[in-house]
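**Student:** First, the structure itself, so that you have it in front of you.
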Amino acid sequence: MSDFFAGIDKIPFKGPDSDDPLAYRFYEPARIVLGKPMAEQLRIAVAYWHSFAWPGSDPFGGPTFERPWFDGGMEAARLKAEVAFEMFSILGTPFYTFHDRDVAPEGRSLAESSRNVREIADVFAKKQEETGVKLLWGTANLFSNRRYMAGAATNPDPDVFAYAAAQVKDAIDVTHRLGGANYVLWGGREGYETLLNTDMKAELDHAGRFLAMVVDYKHRIGFPGAILIEPKPQEPTKHQYDYDVATVFSFLKRFGLEAEVKVNIEVGHAVLAGHSFEHEIATAAALGIFGSVDANRNDYQSGWDTDQFPNNAPEMALAVYCILKAGGFTTGGFNFDSKLRRQSLDPRDLIAAHVGGVDICARALLSAAAMVEDGGLEKALAARYAGWESPEARAMLTSDLETIAARVDREGLEPQPRSGRQEMLENWVNRFV
């Protein structure tokens with residue numbers, strides 16, 4: 001045991017009236033919500049990179065965090081793993097997530113880097129067995145090293161494509177070995193800065209082939225988890241090819257992968273794309289590619305991805321409602337892709353941030369479950385679309401323009417507008433949040 005979280009005990013549940021900042025007010029893992037324990041409905045995970053690898057830097061200033069595992073090679077990486085699992089145990093969260101370069105230092109070659117990751121994976125495997133914490137998903141960092149400045153799968157240099165493929169193979173192997181429920185690809189630099197030096201068709205073709213190889217390798221090794229793409233419209237690249245859920249679905253359809261790959265949706269990325277979180281979830285559900293989510297929020301006054309911890313229960317409630325209506329999570333869950341503010345320096349801040357974020361998700365789940373049980377939105381939707389239940393309406397969907405036009409003329413149809421009742425429905429939602 002390290003002493004990084006000295007004096008901080010396992011987080012208890014104390015109920016809504018508690019004023020203890022290190023206690024859960026709404027998160028009760030064993031509480032049954034819509035037939036499942038709350039822990040299984042939410043499947044909460046802690047992100048390794050923001051919690052243990054991010055140094056507190058920004059474009060205008062260097063690191064503000066001083067962690068004992070920074071810049072210490074493999075010995076420091078082992079300490080970081082020790083501290084990480086201590087935090088998972090303190091929080092009582094059932095899952096974690098990581099990039100390969102978060103957990104171990106990059107070596108002088110891919111072989112050395114992969115060997116470093118495998119050594120830490122040995123530590124993870126032991127810690128998972130000791131604590132019961134599981135891996136929600138793993139991924140490869142294909143954006144930080146300067147070799148990826150022009151992309152990985154979309155890089156104009158075929159050797160970079162090859163290097164990225166080998167790195168992803170190794171990351172999938174480690175994820176599979178640790179029992180990961182998913183494998184994620186985030187194309188942070190799969191896009192372009194300017195069309196002046198970009199062959200978009202070639203880059204999209206290469207990205208499609210790369211993803212097909214990932215899917216093929218998953219089946220070849222018997223990895224049972226889902227392959228997920230995480231959409232984001234920009235940052236760090238000016239324009240990224242996985243702009244939003246609809247764009248990703250179009251990409252998957254083009255390469256025949258829509259039955260093989262799902263999406264991991266992040267709040268902040270949805271906002272950057274001009275959408276709400278629930279819009280992206282509902283879109284993914286409608287298209288059959290909903291997989292998992294990253295829980296965070298953006299500062300609405302800032303034009304970049306601020307990755308703050310979620311703290312808006314009403315907004316989150318609508319997102320969870322969409323998840324529940326889509327059937328809930330299978331392999332996915334709520335991953336806290338969230339980071340402390342640069343001035344939040346203490347270990348206690350790291351714990352408190354996660355406690356608050358977990359509680360927001362739990363509170364949102366309770367609100368969303370109450371909405372589902374009441375059924376008010378479903379009744380309103382059924383009433384609004386009831387006309388489509390008639391034989392004439394259903395027949396139109398297999399008919400043609402001439403036949404439909406003849407019916408309009410024959411019956412003298414003159415449809416009149418009907419109220420959408422938006423304000424009434426918004427008032428109804430506010431009864432639960």
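The values are calculated or read from the model by the stated rules, or taken from the named source; none is laboratory data. Here the structure is a predicted model, which means the values were calculated and not measured. Cβ coordinates were reconstructed from backbone atoms using ideal geometry, including for glycine residues, and neighbour counts include every protein chain displayed. With ligands, DNA and RNA removed, areas are computed over all heavy atoms of the protein, side chains included. Shrake-Rupley method; radii C 1.70, N 1.55, O 1.52, S 1.80 Å.
**Student:** Please list, ordered by first then second residue, the pairs with beta carbon atoms under 9 Å, 6 or more apart or interchain, first in the stretch 202-213 and free of Cβ contacts under 8 Å to residues at least 60 places away in the same chain and within 18 Å of VAL263 (Cα to Cα), second assigned to a helix (DSSP H, G or I) and open to solvent by less than 30 Å² (accessible area, probe 1.4 Å).
**Tutor:** Filtered contacts from the stretch 202-213: GLY208/LEU252; PHE210/ALA164; PHE210/VAL168; LEU211/LEU252; MET213/VAL168.
**Student:** Quick one: in the stretch 241-274, of everything that is among the polar types (S, T, N, Q) and within 17 Å of the chain's Cα centre (by Cα), which residue is surrounded by the most Cβ atoms within 10 Å (Cβ to Cβ)?
**Tutor:** The selected residue is ASN264.
**Student:** Of the conditions (1) open to solvent by less than 50 Å² (accessible area, probe 1.4 Å); (2) free of Cβ contacts under 8 Å to residues at least 60 places away in the same chain; (3) not in a helix (DSSP H, G or I), ALA84 fails just one. Which one is it?
**Tutor:** The number of the failed condition is (3).
**Student:** Give GLU378, GLU402, GLU373 a once-over and let me know the one that is assigned to a helix (DSSP H, G or I), closer than 18 Å to LEU324 by Cα and open to solvent by 90 Å² or more (accessible area, probe 1.4 Å).
**Tutor:** Of GLU378, GLU402, GLU373, the one residue that is assigned to a helix (DSSP H, G or I), closer than 18 Å to LEU324 by Cα and open to solvent by 90 Å² or more (accessible area, probe 1.4 Å) is GLU373.
**Student:** Same structure again: Exactly one condition in (1) touching a Ser or Thr at 6+ places or on another chain (Cβ under 7 Å); (2) open to solvent by 50 Å² or more (accessible area, probe 1.4 Å) is not met by LEU34; state its number.
**Tutor:** The number of the failed condition is (1).
**Student:** Please indicate, with yes or no, whether at least one residue in the stretch 335-357 is free of Cβ contacts under 8 Å to residues at least 60 places away in the same chain and touching an Asp or Glu at 6+ places or on another chain (Cβ under 6 Å).
**Tutor:** no
**Student:** For the stretch 190-204: of the residues being open to solvent by less than 50 Å² (accessible area, probe 1.4 Å) and either part of a helix (DSSP H, G or I) or modelled with pLDDT under 95 (or both), which is farthest from SER144 (Cα to Cα)?
**Tutor:** Looking at residues that are open to solvent by less than 50 Å² (accessible area, probe 1.4 Å) and either part of a helix (DSSP H, G or I) or modelled with pLDDT under 95 (or both), I get ALA202.
**Student:** Name the single residue that is nearest to ALA76 (Cα to Cα) among those in the stretch 88-126 being acidic (Asp, Glu) and open to solvent by less than 20 Å² (accessible area, probe 1.4 Å).
**Tutor:** Among them, the one singled out is ASP102.
**Student:** Working carefully through the options TYR183, TYR217, find the one that is hydroxyl-bearing (Ser, Thr, Tyr) and part of a strand (DSSP E or B).
**Tutor:** Going through TYR183, TYR217 in turn, just one is hydroxyl-bearing (Ser, Thr, Tyr) and part of a strand (DSSP E or B): TYR183.
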